[in-house]
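Visitor: Have a look at this one.
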Amino acid sequence: MNDEKYLYEYAVIRVVPRVEREEFFNVGLIMMCKRRRWIRVETLLRPCCVALCTPDITEERISAQLRQFAAIALGQRAAGPIAELPPEERFRWLTAVRSTWLQTSRPHPGLTPDLDATFDSIFNEQVR
């Protein structure tokens with residue numbers, strides 16, 4: 001039996017409708033394990049939450065930004081030069097602090113023997 005545990009980091013992806021008020025709703029999760037060169041991202045956008053946004057932040061705009069975020073995270077070449085970086089560098093770039101309406105939480109670390117099961121558990125707790 002393999003009792004090996006992997007160090008991972010995750011951040012919750014958020015939409016911040018009014019940056020100055022620091023209110024947000026969670027729309028996804030990004031998780032990375034440097035040792036395994038593993039990264040995973042998943043998003044879930046609820047239309048009822050979009051109604052909380054300012055008029056210039058539409059569902060289409062949020063969806064387009066989330067698709068681009070995921071493309072970079074997954075290393076898709078069409079997403080540009082950042083997508084060609086190793087998983088840990090893409091993760092760092094995507095989770096850097098920014099003052100815009102699409103943000104992430106600070107990264108949180110953990111240990112797990114099963115990255116996918118841990119991702120699913122965190123996603124269900126924080127996003128779903």
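The values are calculated or read from the model by the stated rules, or taken from the named source; none is laboratory data. These numbers come from a predicted model, not from an experiment. Ideal geometry is used to build each Cβ from the backbone, glycine not excepted, and the neighbour counts take in all protein chains shown. To get the accessible areas, we keep the full protein, side chains included, count just its heavy atoms, and leave off ligands, DNA and RNA. Shrake-Rupley method; radii C 1.70, N 1.55, O 1.52, S 1.80 Å.
Visitor: Once the Cβ-Cβ distance between Arg35 and Asp120 is put in as r, and R0 is 25 Å, what FRET efficiency do you end up with, to the nearest 0.05? Spell out each step's value before the answer.
Guide: Details: r = 20 Å, r/R0 = 0.79.
Efficiency computed from Cβ-Cβ geometry: 0.80.
Visitor: If you compute Rg and Dmax of the Cα atoms in Å for the structure shown, which of [x] 32.8, 102; [y] 16.5, 53; [z] 14.9, 54 do you land on?
Guide: Matching entry in [x] 32.8, 102; [y] 16.5, 53; [z] 14.9, 54: [z].
Visitor: Shifting gears a bit: Quick one: putting +1 on the C-beta of Lys and Arg, -1 on the C-beta of Asp and Glu, what dipole do you get for region 25-128 around its Cα centre, in Debye to the nearest 20?
Guide: 300 debye
Visitor: For the chain, with all protein chains present and a 1.4 Å probe, just round the carbon and sulfur fraction of the accessible area to a whole percent. Intermediate results must be reported in sequence, preceding the final value.
Guide: Details: 3670 of 7530 Å².
Roughly 49 percent, rounded to a whole number.
Visitor: Can you pull out the trypsin sites (Lys or Arg not before Pro) in region 1-56 that DSSP calls coil and that have at most 12 other Cβ atoms within 10 Å? Write down the numbers at each step before the final one.
Guide: On the way: sites: Lys5, Arg14, Arg18, Arg21, Lys34, Arg35, Arg36, Arg37, Arg40; in loops: Lys5, Arg18, Lys34, Arg35, Arg36, Arg37.
Passing sites in region 1-56 are Lys5, Arg35, Arg36, Arg37.
Visitor: Determine the calculated [θ] at 222 nm for the chain from helices alone, applying -39500 (n - 2.57) to every DSSP H run no shorter than 4 residues and normalising by the residue count; nearest 500 deg cm²/dmol.
Guide: Values: 4 runs with 39 residues, N = 128.
Value at 222 nm, helices only: -9000 deg cm²/dmol.
Visitor: Give the residue from Ile122, Pro86, His108 lying farthest towards the positive end of the charge dipole for the chain; charges sit on Cβ (+1 for Lys and Arg, -1 for Asp and Glu) and the dipole is referred to the Cα centre.
Guide: My answer, from the dipole projection, is Pro86.
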